[in-house]
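Encoded as structure tokens, the structure appears first; notes follow it.
The values are calculated or read from the model by the stated rules, or taken from the named source; none is laboratory data. What you are looking at is a predicted structure, and each value in this text was computed from that prediction instead of being measured. So basically every Cβ, Gly included, is an ideal-geometry build from the backbone, and we count neighbours across all protein chains shown. With ligands, DNA and RNA removed, areas are computed over all heavy atoms of the protein, side chains included. Shrake-Rupley method; radii C 1.70, N 1.55, O 1.52, S 1.80 Å.
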Amino acid sequence: MLQFGQIMNAVPTSGNSIRAAFSYCAQQVRSYDYHHYLCLLLLPTSMRKAAFAFRAFNVEIARAMDVTSDPSVGLMRLLWWQEAIDKIFAKKLIEQPVARALSAVISEHKISKQWLKRSVEARINDANKDESYIPASIADLEKYAEDTVSTILYLTLQAGGIQSTAADHAASHIGKANGLLLLLKSLPYHAGRTGRIPYIPAQVAEKHGLLVTENGRSEIRMDYLNEQLSDAVFEVASVALAHLRKAQELASTVPAGAVPVLLPAVAAQVLFDSLDRSHFDVFDPRLGRGVLGVSPLWYQLKLKWHSWRNNY
């Protein structure tokens, strides 16, 4: 029987060439993170390969718990990636396409190991939580969004050689905005998979009459269509929007070269607007249509318009 590491290394890379590894990364991002895929196409050519490697890494760790029905196997995948990062920075060869692409990027650019480690460790911590776990506050969700979404933007800025406190601050806010909104969008998926609503903080749920405590355990009521859930979603989404507005306020101080990296701000606005049209009912089927609830053409036009104007 193959060991787990052998299984992870067994993804074909057409001769294990670096070109095939980057092609695999682009394919993974297109398949599983399409709205970011369209953002990356608007990056300068010199930054694109690194950005696809980072996004593919994010796809790998974000999907780790979803590609198996056994949580322990998902956790093993995350632990494999935690170890793989150490090996990559130690210049050890790993025959896995995303890892090979990351190795190539790290050998070419000055990349902080801490951002990659922080991203996978946040996923491991989330995977280790009891299935009945509910975050205490929106601040807990913001930290998770910072650790899993903002970090990918930091890495992309680094690969582009962009050193700017303003760009870093904008990336932090954009990551938090996107992270919070994507967690809200994922609620129906998690409810269907586990029978629970995982990403509404206890403070918010209690405020809106959604928190139920039985036998010392708290959980969120599964009344999909009630107004209280929509109100709770609106409260979290409003915090996301505030982060987006802070990022946009920084735009005049952000270097022009950083703006293409920050185009995911457009995705955050599109998703917020889709939630707004659905009256913050995350179970509205319109949210699952197209790209973030809008037609792919409309989304691409918005991205290109912002790219042409060099703003986010």
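Annotation note: Cβ proximity below 6 Å between a residue of region 139-165 that is open to solvent by 10 Å² or more (accessible area, probe 1.4 Å) and a residue that is of a type in the set (S, T, N, Q) (sequence gap 6+ or interchain) occurs for Val149/Asn178. The residues in region 117-173 that are at pLDDT below 95 and more than 20 Å from Thr194 (Cα to Cα) can be counted, and the count is 0. The set of residues from region 199-218 being under 25 Å from the mean Cα position of the chain (by Cα) and either farther than 24 Å from Arg289 by Cα or at pLDDT below 90 (or both) comprises Pro201, Ala202, Gln203, Val204, Ala205. When the residues of region 55-79 are narrowed to those that are among the β-branched types (Val, Ile, Thr) and assigned to a helix (DSSP H, G or I), which ends up farthest from the chain's Cα centre (by Cα)? Taking the candidates together, the pick is Val73.
Residues of region 20-54 that are open to solvent by less than 30 Å² (accessible area, probe 1.4 Å) and either assigned to a loop (DSSP other than H, G, I, E, B) or of a type in the set (D, E, K, R) (or both): Asp33, Leu43. Met222 meets the conditions (1) under 25 Å from Val67 (Cα atoms); (2) under 20 Å from the mean Cα position of the chain (by Cα) in every case but one. The failed one is (2). When Leu184 is tested against (1) farther than 26 Å from Ser46 by Cα; (2) surrounded by fewer than 15 Cβ atoms within 10 Å (Cβ to Cβ), exactly one condition is not met: (2).
The set of residues from region 47-72 being modelled with pLDDT of 95 or more and either more than 15 Å from Ser31 (Cβ to Cβ) or of a type in the set (Val, Ile, Thr) (or both) comprises Met47, Arg48, Lys49, Ala50, Ala51, Ala53, Phe54, Val59, Ile61, Ala64. The residues of region 278-309 that are of a type in the set (Phe, Trp, Tyr) and under 25 Å from Ile197 (Cα atoms), listed by number, are Phe280, Phe283. Only one of the numbered conditions (1) out of contact with any helix residue (DSSP H, G or I) (no Cβ under 8 Å at 6 or more places or on another chain); (2) farther than 15 Å from Pro135 by Cα is not met by Val212, and that is (2). Taken over region 67-81, the criterion of being open to solvent by 50 Å² or more (accessible area, probe 1.4 Å) and touching a residue at least 40 places away in the same chain (Cβ under 8 Å) is satisfied by Pro71, Met76, Arg77, Leu79.
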